[in-house]
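The structure appears right after this line, and notes come after that.
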Amino acid sequence: MNDTQHGVNAEHFDVLIIGAGISGIGAAHHLTQECPDHTYLVLEAQQSFGGTWLTHRYPGVRSDSDLYTYGYGFKPWIGPPIATADEIRGYMSEVISDSGIDRHIRYGHEIRGASWSSATNLWTVEATRSHDGSVTCFTTRFLWMCQGYYRHSQGYTPTWPQMEAFRGVVVHPQSWPEKLDYAGKRVVIIGSGATAVTLIPSLADQCAHVTMLQRSPTYFNVGRNSVPMADELRELGVDETWIHEIVRRKLLRERQAAIKRAHDHPESVREELLQSVKTHLAGSCDIDPHFSPRYRPWTQRIAFDPDGAMFRSIREGKASVVTGDIECFVERGIALKSGEVLEADIVITATGFNLSVMGDIRFTVDGEPLALKDTVAYRGMMLTGVPNFAWVFGYFRGSWTLRLDLIAGFVCRLLRHMRQDGAQRVLPQLRPEDRDMDLRPWMEPEDFNPGYLARGMHLLPRLGTKPEWRISQDYPQEKKEFAEIDLTDRIFSYTRE
């Protein structure tokens with residue numbers, strides 16, 4: 001079906017999904033299974049599916065969450081819990097093939113803007129085709145944002161004094177050069193999060209030496225990249241669907257218990273984490289200051305070192321850790337404020353990413369620019385004043401995909417309800433009893449405070465204090481709450497014209 005907007009022939013679909021990453025492919029599967037009478041299209045800026053697992057191509061790139069919970073609830077994961085980017089894309093490829101999603105995806109379409117018209121009850125989305133720069137238009141009844149939460153085109157790199165003086169190569173992991181030669185080179189990795197933990201053992205065997213330079217330490221969890229229960233159930237011949245669900249529930253329960261304990265007994269959890277690190281270092285590096293964070297456990301994500309690969313590199317002398325502040329770059333490396341100079345041929349800025357809210361897309365509602373920071377989010381997925389719209393934003397401490405499955409189930413139920421009821425438009429609204437409610441940031445800094453969130457908090461919608469206007473970060477609780485959402489509640493304003 002075609003419409004015409006501004007003189008341009010526009011293709012029409014019941015639902016437009018933006019993004020073919022882990023969220024977009026999951027959303028498409030749910031639509032296929034639960035709303036088979038709805039037409040839909042997935043628009044993706046990159047040349048293939050995968051999202052973060054396509055963007056990031058640095059050595060060893062892998063998940064930081066286990067695939068039993070990061071994987072979809074509907075698709076059993078078979079393999080080690082911590083998986084490589086290629087393994088995750090292989091898993092996603094199976095979902096695409098099994099559900100026939102491939103014929104619904106258009107790659108190389110970068111979204112320029114999205115505008116809602118109450119006169120037509122339609123979104124009009126403009127996209128630029130990467131292969132020729134032409135502009136194409138789509139109209140849709142419902143817009144579903146599944147584009148993730150960081151800017152794929154450029155990672156976050158601070159500006160340090162005299163970077164131009166450095167004679168070596170500066171690389172951000174998000175823009176890893178295809179033919180970067182690091183064999184026999186001295187490498188300094190700035191940062192100590194999940195990316196650094198992955199890179200160190202992946203580079204250490206070929207480099208002359210790898211140094212992790214950090215301004216402040218990170219908490220680490222070291223464990224085997226296996227789930228013994230899953231292995232035993234497979235030996236017993238249990239069906240993979242059962243194994244996936246059983247192990248998923250087990251890991252979810254353990255994660256929730258660990259987070260609660262970190263909140264209730266932070267000092268005990270801190271000591272246990274530090275003692276584990278001390279054991280794995282075996283005297284090869286000082287705990288203080290290199291592995292003693294200043295913040296409470298789980299106010300930032302805890303980095304996982306599968307099978308202790310990073311710590312093994314440190315013990316073997318192939319890698320080392322330096323804690324300090326950068327004074328400036330110099331010709332042969334990095335000068336610290338302590339006076340030490342770290343010599344380097346390659347500097348890797350594993351300094352995080354730029355928060356991108358809704359893909360940096362320009363939105364308008366009835367001709368008025370939409371400022372997302374002025375909206376209030378209903379359960380972190382719909383926005384006040386924005387009709388026929390949903391957004392996938394996952395958990396900070398848990399696996400992102402857990403929340404995708406909840407949101408997708410809700411959106412499909414909402415779409416079926418609107419069709420059965422003849423509703424053309426829906427948007428969440430503050431009820432009279434909600435209008436005096438305190439409004440708060442997307443996440444309280446004392447609760448969770450990584451750098452990317454601190455830098456971009458002002459861009460995000462606001463939350464309230466009542467359950468309907470919050471994200472609890474508690475998957476079991478939200479799973480129960482989502483199942484009980486009453487689609488006839490006064491929060492939902494429907495228009496049947």
- Query: Is it the case that LEU430 is surrounded by 14 or more Cβ atoms within 10 Å (Cβ to Cβ), farther than 30 Å from ARG253 by Cα and over 25 Å from the mean Cα position of the chain (by Cα)?
  - Reply: yes
- Item | Filter pass, SER118 being within 17 Å of SER23 (Cα to Cα), modelled with pLDDT of 95 or more, surrounded by fewer than 16 Cβ atoms within 10 Å (Cβ to Cβ) and not aromatic (Phe, Trp, Tyr) | no
- Task: Run down ARG253, ARG261, ARG248 and say which single residue is assigned to a helix (DSSP H, G or I) and open to solvent by less than 20 Å² (accessible area, probe 1.4 Å).
- Result: ARG248
- Tell me which residues, restricted to region 98-107, are over 16 Å from ILE18 (Cα atoms) and either open to solvent by 80 Å² or more (accessible area, probe 1.4 Å) or assigned to a strand (DSSP E or B) (or both). ASP98
- Just checking, which of ASP325, ASP288 is loosely packed, with under 14 Cβ neighbours inside 10 Å and either more than 29 Å from the chain's Cα centre (by Cα) or more than 28 Å from ALA208 (Cα to Cα) (or both)? ASP288
- Looking at (1) at pLDDT below 95; (2) in contact with a strand residue (DSSP E or B) (Cβ under 6 Å, 6 or more places away or on another chain); (3) under 18 Å from THR55 (Cβ atoms), which is the one condition that is false for GLN154? (2)
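One line per residue, one yes/no per condition, for (1) modelled with pLDDT under 95; (2) among the hydrophobic types (A, V, I, L, M, F, W, C); (3) within 20 Å of GLY71 (Cα to Cα):
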{"site": "GLU178", "(1), (2), (3)": "yes, no, no"}
{"site": "TYR182", "(1), (2), (3)": "no, no, no"}
{"site": "ILE189", "(1), (2), (3)": "no, yes, no"}
{"site": "ALA196", "(1), (2), (3)": "no, yes, no"}
{"site": "ALA208", "(1), (2), (3)": "no, yes, no"}
{"site": "ALA230", "(1), (2), (3)": "no, yes, yes"}
{"site": "GLY237", "(1), (2), (3)": "no, no, no"}
{"site": "GLU245", "(1), (2), (3)": "no, no, yes"}
{"site": "ILE259", "(1), (2), (3)": "yes, yes, no"}
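Given region 314-429, what strands (runs of 3 or more DSSP E) lie entirely inside it while holding 2 or more residues that are in contact (Cβ under 8 Å) with a residue 24 or more places away in the chain, aliphatic (A, V, I, L, M) and within 23 Å of THR39 (Cβ to Cβ)?
425-428
Got a number for residues in region 183-210 being of a type outside the set (Gly, Ala, Ser), open to solvent by less than 20 Å² (accessible area, probe 1.4 Å) and either out of contact with any Ser or Thr (no Cβ under 6 Å at 6 or more places or on another chain) or part of a strand (DSSP E or B) (or both)?
10
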- Within region 58-102, the count of residues that are within 14 Å of VAL227 (Cα to Cα) and of a type in the set (Lys, Arg) comes to 0
- Task: Would you mind listing the helices (runs of 4 or more DSSP H) fully within region 1-96 where at least 3 residues are at pLDDT 95 or above and surrounded by fewer than 22 Cβ atoms within 10 Å (Cβ to Cβ)?
- Result: 22-34
- Message: I'm checking my understanding of the structure. Among residues of region 218-239 that are more than 30 Å from ALA196 (Cα to Cα) and aliphatic (A, V, I, L, M), which one is surrounded by the fewest Cβ atoms within 10 Å (Cβ to Cβ)?
- Response: LEU236
- Query: Given the conditions (1) buried (at least 18 other Cβ atoms within 10 Å of the Cβ); (2) over 30 Å from ARG496 (Cα atoms); (3) of a type outside the set (Ser, Thr, Tyr), which single one is not true for PRO450?
  - Reply: (1)
- Query: Looking only at residues in region 291-313 that are assigned to a helix (DSSP H, G or I) and within 27 Å of the chain's Cα centre (by Cα), which one is farthest from ASP205 (Cα to Cα)?
  - Reply: PHE311
- In region 462-471, which residue that is open to solvent by 30 Å² or more (accessible area, probe 1.4 Å) and not in a helix (DSSP H, G or I) is farthest from LYS260 (Cα to Cα)? ARG462
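The values are calculated or read from the model by the stated rules, or taken from the named source; none is laboratory data. Computed from a predicted structure; not experimentally measured. Cβ: placed from backbone, ideal geometry, glycine included. Neighbour counts: every protein chain shown. Side chains included, ligands, DNA and RNA excluded: accessible areas come from the protein's heavy atoms. Shrake-Rupley method; radii C 1.70, N 1.55, O 1.52, S 1.80 Å.
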